[in-house]
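**Q** What follows is a single structure, and I will ask about it in a moment.
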Amino acid sequence: MSTAVITPIRTTVRTEAHRPAPLRPTVQQSDVPAQAAPTAVRPSGRIRLTRRGRIVFTTLAAAPFIAVAVWFGIGGGSAIASSDSSSTSFEYVTVESGDSLWTIAADVAPQADPRDVIAEVMSLNQLESSTVVPGQEIALPERYTAP
């Protein structure tokens, strides 16, 4: 006689406790406001500025131009040339051999300090040093000339 082996069939009964969880929570229509519909945010290649951002950006871009306009507006009026000729005339002294600015200052203004006279003569003639050469013409300040 042959023996037959009977294997039981396994059956799985699933109950509610063994049900797998959903992948995402379910949202009911009453939980979501109408205007806040979920949308996907895609990055775009453009920069979007708010109104305040546009105002700040425009102000920063215009600031150098405004500064230049103000600079020229303030300083522009002081450099106006006129056609009036100067009525100032100078008396000139010709430097002779052996003369220096000190001897010229002592001859022209004996009552004044020669250092002050030399400084004014150098400024008027735009001399870099107090060295003079024979034959050079030196303009004298108006207040040291005889009327």
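Read-outs: derived from the displayed coordinates by stated rules, not from any lab. All of these numbers come straight from a predicted model, not from anything done at the bench. We place every Cβ from the backbone using ideal geometry, glycine too, and count neighbours over all the protein chains shown.
**Q** Relative to the present Cα-Cα distance, how much length would full extension add between THR50 and GLU128 at 0.36 nm per residue of separation?
**A** Separation in residues times 0.36 nm, less the Cα-Cα distance, equals 21.9 nm.
**Q** Still on this structure, I have one more. Against the empirical 2.2 N^0.38 Å scaling, what ratio does the C-alpha Rg of segment 97-144 come to?
**A** Numbers: Rg = 9.9 Å, N = 48, 2.2 N^0.38 = 9.6 Å.
Rg over 2.2 N^0.38 Å, computed on Cα atoms: 1.03.
**Q** What is the fewest-to-most order of SER130, SER123 by other Cβ atoms lying within 10 Å of their Cβ? Show your work: numbers first, answer last.
**A** Values: SER130 13, SER123 10.
Starting with the residue having the fewest Cβ neighbours, the order is SER123, SER130.
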